[in-house]
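FYI, it's all coordinate maths here, none of it is from the lab. This one's a predicted model, so the numbers in the text were calculated from it and none came from an experiment. Note that we place each Cβ from the backbone using ideal geometry, even for glycine, and neighbour counts take in every protein chain shown.
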2 protein chains.
Amino acid sequence: MNVEIISIGDELLNGQVVNTNAAWLGEQLTAAGFQVRRVTTIPDRVEEIVTALREAREHSDVTVATGGLGSTPDDVSLTAVVRFFNAHLREDPVIAADIHAFFAGLGKQPNAGHLLRARLPENCIPLRNTNGLAPGMFFSEKEKVVAFLPGVPHEMKPMFTGQLLPRLIPLLKTPVRTKTLVTTGLPESRIDEYLKDVQDEFSGIRFAFLPATTGVRIRITSPAPPGNEGASLLDRCEAAIRERIGAFIIGSGTITLEETVGKLLTERGLTLAVAESCTGGLIGDRITDVSGSSRYFQADVVAYSNKSKIDLLQVPAETIATHGAVSGETALELAERARAVTGADLGLSTTGIAGPTGGSTEKPVGLVWVGFASGARTRAFRYRFGTDRRRVKERAAQAALDVVRRHLSDLPCHPRPEMER
Amino acid sequence: MNVEIISIGDELLNGQVVNTNAAWLGEQLTAAGFQVRRVTTIPDRVEEIVTALREAREHSDVTVATGGLGSTPDDVSLTAVVRFFNAHLREDPVIAADIHAFFAGLGKQPNAGHLLRARLPENCIPLRNTNGLAPGMFFSEKEKVVAFLPGVPHEMKPMFTGQLLPRLIPLLKTPVRTKTLVTTGLPESRIDEYLKDVQDEFSGIRFAFLPATTGVRIRITSPAPPGNEGASLLDRCEAAIRERIGAFIIGSGTITLEETVGKLLTERGLTLAVAESCTGGLIGDRITDVSGSSRYFQADVVAYSNKSKIDLLQVPAETIATHGAVSGETALELAERARAVTGADLGLSTTGIAGPTGGSTEKPVGLVWVGFASGARTRAFRYRFGTDRRRVKERAAQAALDVVRRHLSDLPCHPRPEMER
C-alpha cells in the first residue's frame with residue numbers, strides 16, 4: 001500500500017529546519033508495512049498545497065501531510081483542506097474541550113482565536129493533540145485516505161502513533177510484523193558480520209541496521225500470514241540474534257539506555273551517583289529524562305575544574321598532579337568519591353578530552369576514561385571517541401551508562417577494564 | 001528564480017537517513033537569492049527519476065538532483081539522465097584523469113568499472129568530484145538548468161559550492177541579502193505583535209519567524225540591488241527590530257545562548273557554578289558544549305534528592321521542610337550554595353516539577369523556580385512550562401541561562417523576580 005508524505009513549510013525549503021518529520025514518518029510507516037513512494041516538500045501556500053494533495057491522491061493510497069496547522073498567517077493548511085475537499089467547518093466539541101484543558105494546564109483561559117482551532121471540516125475525523133493546540137484531521141473517501149498532522153515533532157509523533165497509525169493499519173492487505181532490537185557497543189559492520197548466518201538462515205525476513213551515535217537498531221520484518229506463523233518466525237529470528245549478540249542488546253522498540261538502567265536499578269533497589277567531567281552533565285540529563293528517576297538517582301557532581309574535583313569530591317590533589325585529570329586513576333577516584341559523598345550504592349564517572357583543542361600525543365582529543373565503583377570493586381575503562389566535541393560527549397555518556405547496565409545485568413565488561421582495584 | 005530539489009534514494013523514504021542534503025542545499029540556495037519551491041524525494045527507480053525530472057523542469061527554472069550516482073546496482077541516476085535527455089555517452093578525459101589520480105592517492109589503479117564513471121552524456125558539463133569518484137553533471141537547455149550531484153554529503157557540498165553555485169549565480173536576476181536574529185523569552189505571537197509597525201515600515205523586506213523550544217529566530221531578507229542599498233536597508237531594519245525587542249536578542253546567525261553566556265563570562269572574567277534539580281544536568285551539558293568553557297565553568301551539582309541538596313550543598317534542611325524542595329526559598333539557597341561551595345563568582349539554580357507525575361494543585365507539573373546569586377544579591381524567578389517532561393527541562397535550562405545573560409548584559413530581568421534578598 002503506497003503512501004505519499006507531504007511536508008508543508010517554507011522553513012523546510014529554505015533549510016532553516018531539517019525535515020526530520022518525513023524521516024520519522026518514513027521509518028514508522030515502513031516498519032508497519034507501508035511503502036513510502038514519495039516525499040514532497042512545499043511552501044506554506046494554499047495553491048501549492050492543493051496541487052500537492054491532488055497529485056498525491058492520484059498516485060498513492062494514503063497521503064500524510066504535516067505542518068501549517070497553527071494559527072499564524074503562514075499556517076494555511078486548513079484553508080487548503082477546505083478548498084481541496086470543498087468542506088464546511090463546524091466546531092468539534094471534544095477538540096474545544098481539549099483546548100480549554102490545555103490552557104488550564106498553563107493556568108490560563110483560551111481566547112476566541114485559540115478556540116477557532118476547534119472548527120474543523122465536517123467530513124473529517126478529528127485527531128486530538130495531546131501535546132499542543134492544533135488538532136489533526138483524517139479523511140477517508142473512495143478508498144483513498146488523506147491525513148493532516150501538526151508540523152511540531154513532539155505534537156506530530158504521539159498523534160501519529162496513537163491516533164493515525166491505528167486507523168491506517170487495517171487498510172493493509174499484506175500486513176507485516178516487525179520488531180526492533182536496540183543495541184549499543186558494536187558498529188554496524190561488526191553486527192552485519194556476526195549476523196551473517198542468521199540473515200542467511202532467515203531469508204524470508206528483511207533485516208535493516210539503523211546506526212546512530214549511541215548504537216545500532218536492528219529491525220527485522222516478516223510477512224504476517226493469517227494465524228501466528230509470522231510472529232513465531234520473528235521470535236525464532238530474534239532468539240538467533242540474541243544468541244549471537246545478546247549482551248549488546250539493551251531492549252526493544254524505542255527503549256533508551258537510561259530507561260534500561262533505570263529499570264535495572266529499580267529492580268535491584270539500588271541508587272546511583274555520578275561524577276562527570278568531560279560529559280559536562282549529559283549523563284545526569286539523560287538519567288533524569290526518565291520519569292521516576294528520583295527513586296534511584298541521588299546526585300551528579302559535574303566537577304569540570306580540577307579545583308571542584310578536589311573541593312567537592314575530595315579527589316586527592318596528588319592523584320591529579322601525578323596522573324593528570326584525564327587518567328584511569330582519576331576516573332577510579334571520581335567514581336569512588338561519587339559513591340562516598342552521596343551515600344549512593346553505585347558510583348559512575350567520566351573524565352576525558354572532548355576537544356577540539358586540549359589534546360596531546362599521549363592524551364589525544366577523544367580520549368575518555370569511565371570509572372565505576374560498586375562497593376565491592378572499582379574499575380576504569382579507556383575509550384577513543386573521535387574528534388567531534390558533541391559526539392565525544394554523547395558516545396562517552398552512552399559508554400558510561402552501558403558499564404552500569406552490564407554490571408546490573410551480570411554481563412561481562414565490554415570493553416575490558418584497563419584498571420581495577 | 002525558482003529551484004526544485006530532487007532527492008533520490010530509498011534510504012530517504014524509509015527513514016534510514018534524514019534528508020539533510022535538501023536542508024543544506026535549501027539554505028545555500030536561499031541565501032544566494034534563489035527561491036526553493038519544492039523538494040521531491042523519490043526512490044532509486046529510473047521511471048520515478050524521469051517523471052520527477054520532467055515535473056520539476058516544467059515548474060522550475062533550476063532542478064538540482066542529488067543521489068544515485070555511485071556504481072552499485074541501486075545507483076540508477078545516470079540511466080535516468082540518458083533516458084530523460086536522450087543522451088549519448090562519451091568518456092570525459094578530465095574526469096578519467098581524476099579517477100586515475102584518486103586511485104593513485106590510495107596507491108592503487110582503477111579498474112574498468114571505475115573508469116566507466118568517466119563516461120558522461122555529451123550534452124553535459126561534468127562537475128569534478130574532489131572528495132570521491134562519481135562526477136556531477138550540469139545541463140543547460142532552453143533557459144532551464146538541470147544539475148546532478150552525488151548523495152554523499154561530503155562529496156556533494158564542495159561540488160555544489162565550488163562548481164555548481166558559480167554557474168547558477170549569473171542566472172539570478174534579483175539577488176537578495178539576508179540576516180537572522182536569535183531571540184529568547186518571547187513567543188512568536190508576541191514578537192509578531194511588537195514588530196507590527198516595523199513590518200509595515202519595511203514592506204520591501206521579507207520577515208520569517210522560526211520558533212523552537214528555546215526561542216524564535218527572526219530572519220529578514222531584502223532584495224540586493226546594485227550598490228549597497230540592500231545592505232543598508234537590512235541594517236536599518238535590524239536597528240528598528242533591536243529598538244523594539246533588543247533585550248530578547250541573544251545574537252545573530254546560528255549562535256546559541258550558551259555561547260552568548262560564555263562570551264559574556266569571558267569578557268567579564270567571571271566564573272559560574274550551577275546547582276540543578278529538575279533540569280538534571282542539562283544546563284551543565286549545554287555550557288560544556290562550548291569549547292573553552294573550562295575557563296569560566298567551575299562545577300555543576302545536580303542535587304536531585306533532598307538528601308543531596310542538604311549533604312552536597314548544605315541547603316538548610318529547615319528550608320526544604322518549611323517551603324518544599326520546589327520553592328523560591330530553596331532556589332535562592334541552591335544558587336547561593338552553588339557559589340559558596342565552589343568559590344565561583346556567580347551561582348545559578350533550578351528546582352521544579354518536570355512531570356509528568358508529582359504535581360499538585362499548589363505546585364503543578366511544569367512549575368519551575370530559577371535562582372541566581374551574584375554576590376551582591378540573590379533572586380528567584382517563577383515559571384510555568386507546560387506538562388511535557390523533556391520540554392519542561394529544555395525551557396527551564398534556557399530560562400536559567402537567560403537570567404545569567406541578562407545580568408551580564410546589564411539588562412532588566414524578564415520575568416521580574418518573585419523573591420529577592
request  = Mind listing the long-range amide H neighbours of residue A:177? Cut-off is under 5 Å, sequence gap 5 or more, other chains count too, H placed in the peptide plane at 1.01 Å from N.
outcome  = A:222, A:224
query = Nm distances between the label at residue A:321 and the same-position labels in the remaining copies, 7 Å along Cα→Cβ, shortest first?
reply = 4.2
message = Placing +1 on the Cβ of each Lys and Arg and -1 on the Cβ of each Asp and Glu in segment B:26-159, which of B:100, B:49, B:63 has its Cα farthest towards the positive end of the resulting dipole?
response = B:100
request  = Take the alpha-carbon centre of segment A:253-288, take the same for segment B:64-101, and report the distance between them in whole Å.
outcome  = 49
query = For segment B:176-252, what log10 I(q)/I(0) values come out of the Debye formula at q = 0.22 1/Å, with one point per alpha carbon and no solvent?
reply = -0.96
note = For the protein assembly as shown, the dipole about the Cα centre with charges only on Cβ (Lys and Arg +1, Asp and Glu -1), to the nearest 20 debye, works out at 620
Set of lysines near residue A:144 by C-alpha distance (under 21 Å), chain-local residues within fewer than 8 positions excluded = A:173
ask   = Under 5 Å between amide H atoms, partner at least 5 residues away or on a different chain: which partners does residue A:275 have, H built in plane at 1.01 Å?
value = A:301, A:348, A:349, A:350
task = Grab the Cα-Cα distance for residue A:173 and residue A:213, subtract it from 0.36 nm times how many residues apart they are, and report the gain in nm with one decimal.
result = 10.8 nm
note = The simple spin-label model distance between residue B:47 and residue A:247, using points 7 Å out along Cα→Cβ, in nm, is 5.1
task = Pull up all non-local amide H partners of residue B:378: gap of 5 or more, or a different chain, and H-to-H distance under 5 Å with H placed in the peptide plane.
result = B:421
note = In whole angstrom, the spacing between the Cα centers of segment A:128-173 and segment B:305-351 equals 45
query = Restricting attention to the alpha-carbon atoms of segment B:211-285, what are Rg (one decimal) and Dmax (integer), both in Å?
reply = 17.1, 55
task = Just name one of B:352, B:364, B:387: the one whose Cα is farthest towards the positive end of the charge dipole of segment B:317-421 (beta-carbon charges, Lys/Arg +1, Asp/Glu -1).
result = B:387
inquiry  = Give the lysines whose C-alpha is closer than 23 Å to that of residue B:179, dropping any in the same chain fewer than 8 places away, or say none.
reply    = B:157, B:196, B:263
query = When N is the residue count of segment B:1-85, what does its C-alpha Rg come to as a fraction of 2.2 N^0.38 Å?
reply = 1.06
Segment A:365-421 versus segment A:1-39: alpha-carbon centroid distance in Å = 37
task = With only Lys, Arg, Asp and Glu charged, each at its Cβ (+1 for the first two, -1 for the last two), find how big the charge dipole of segment A:2-171 is about the Cα centre; round to the nearest 20 debye.
result = 300
ask   = In segment B:111-181, which GluC sites (Glu not before Pro) fall in coil by DSSP and have 11 or fewer other Cβ atoms within 10 Å?
value = B:122, B:143
ask   = Can you work out ³J(HN,Hα) from phi for every residue in segment A:172-185, in order, using Karplus 6.51 cos²θ - 1.76 cosθ + 1.60 and θ = phi - 60°, giving whole Hz and x for Gly and Pro?
value = 5, 8, 10, x, 10, 10, 9, 9, 10, 9, 9, 10, 8, x
query = Restricting the count to DSSP beta bridges whose residues both fall in the protein assembly as shown, what percent are antiparallel, rounded to a multiple of 5?
reply = 65
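Which ordering of B:365, A:370 is given by a fewest-first count of other beta-carbon atoms within 10 Å?
Final ranking by Cβ density, sparse to dense: B:365, A:370.
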ask   = Measuring label to label, 7 Å along Cα→Cβ, what does residue A:103 give against each other copy in nm, shortest first?
value = 7.1
Overall dimensions of the protein assembly as shown by Cα: Rg and Dmax, Å = 28.3, 85
Relative contact order for chain A, counting Cα pairs under 8 Å that sit 6 or more residues apart, in percent = 10
ask   = How many percent of DSSP beta bridges within segment B:1-138 run antiparallel, rounded to 5?
value = 35
inquiry  = Out of all Cα-Cα pairs in segment B:2-171, roughly what percent, to the nearest whole number, are more than 30 Å apart?
reply    = 12
Over segment A:83-239, relative contact order from alpha-carbon pairs under 8 Å, at least 6 apart, % = 15
note = Label points for residue A:235 built 7 Å along Cα→Cβ; distances to same position in the other copies, nm, shortest first, come to 7.4
ask   = DSSP beta bridges in segment B:257-420, what fraction antiparallel, as a percent rounded to 5?
value = 60
key: Ranked list, fewest to most other Cβ atoms within 10 Å of each Cβ, for B:402, A:300, A:388, A:197   = A:197, A:388, B:402, A:300
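Order of A:144, B:142 from fewest to most other C-beta atoms within 10 Å?
Going from sparsest to densest Cβ surroundings: B:142, A:144.
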query = For residue A:321 and residue A:154, what does the FRET efficiency come to when R0 = 60 Å and r is the distance between their Cβ atoms, rounded to the nearest 0.05?
reply = 0.80
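Once the Cα gyration tensor of chain A is found, what semi-axes does its equivalent ellipsoid get, as square roots of 5 times the eigenvalues, in whole Å, sorted largest first?
Over the Cα atoms of chain A, the semi-axes work out to 47, 27, 19 Å.
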task = Would you mind giving the mean number of other chain beta-carbons within 10 Å of the Cβ of each residue in B:307-316, as a whole number?
result = 3
